[in-house]
Amino acid sequence: MQRDFILNEIEKIVYSITRLAGFKNAVNPEAFIQHADQMLQDEYDLKLPELLELSIEDFDLILDERNYSPEKLDALAQLLYMYYEPFIANDETLAGLQKIISIFNRLEKDHHRTSFENINKRNAIYQFLQNNYE
């Protein structure tokens, strides 16, 4: 029964991420932001503007307190990555990329999970940071 619940949660998250990617690819930022905000409210009890404004310390505290499943953490990282892509060298993007890296670190250290997709995204973030902030 618990496995069915987890699979159902994963299906909902994958569906939402797929819709977000469709909005992003269709260059429909309003629909992307609206759907992202709704997904965050439904799945994480967060609002997009509040999430984006959190300091990295407060963001990590929320992740600690709420103890999201690895699937939800991964989905949150994917949502943030899509939101900030293409990366622009500014303070908002830098803060967002730090949150994504924090999630990737948490997935690897706490949940022993990694993927080629996340490794590629981590490398893209590091390359962007090296090109723009070093």
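The values are calculated or read from the model by the stated rules, or taken from the named source; none is laboratory data. In this text, all values refer to a predicted model and were calculated from it rather than measured experimentally. Ideal geometry is used to build each Cβ from the backbone, glycine not excepted, and the neighbour counts take in all protein chains shown.
Each residue in the range 81-134 was checked for being touching a Lys or Arg at 6+ places or on another chain (Cβ under 8 Å), over 19 Å from LEU61 (Cα atoms) and of a type in the set (A, V, I, L, M), and 1 pass.
Give the number of residues within the range 109-134 that are part of a helix (DSSP H, G or I), within 28 Å of ASN67 (Cβ to Cβ) and touching a Leu at 6+ places or on another chain (Cβ under 8 Å). Summing the residues that are part of a helix (DSSP H, G or I), within 28 Å of ASN67 (Cβ to Cβ) and touching a Leu at 6+ places or on another chain (Cβ under 8 Å) in the range 109-134 gives 3. Scanning the range 47-60 for residues being over 17 Å from TYR84 (Cα atoms) and surrounded by fewer than 17 Cβ atoms within 10 Å (Cβ to Cβ) gives a total of 2. For the range 61-83, check the following and say yes or no: at least one residue is without any contact (Cβ under 8 Å) to a residue 40 or more places away in the chain, closer than 18 Å to GLN41 by Cα and not in a helix (DSSP H, G or I). So far as the range 61-83 goes, yes, one or more of its residues are without any contact (Cβ under 8 Å) to a residue 40 or more places away in the chain, closer than 18 Å to GLN41 by Cα and not in a helix (DSSP H, G or I).
Against the definition (of a type in the set (Lys, Arg) and part of a helix (DSSP H, G or I)), how does ARG106 come out, yes or no? Considered against the rule, which asks whether it is of a type in the set (Lys, Arg) and part of a helix (DSSP H, G or I), ARG106 comes out as yes.
The residue pairs whose first member lies in the range 118-130 and is among the aromatic types (Phe, Trp, Tyr), whose second member is at pLDDT below 95, and whose beta carbons are closer than 6 Å, counting only pairs six or more residues apart or on different chains, are PHE128/PHE87. Answer yes or no as to whether LEU73 is out of contact with any Ser or Thr (no Cβ under 7 Å at 6 or more places or on another chain), surrounded by fewer than 16 Cβ atoms within 10 Å (Cβ to Cβ) and within 18 Å of LEU97 (Cα to Cα). The answer is no for LEU73.
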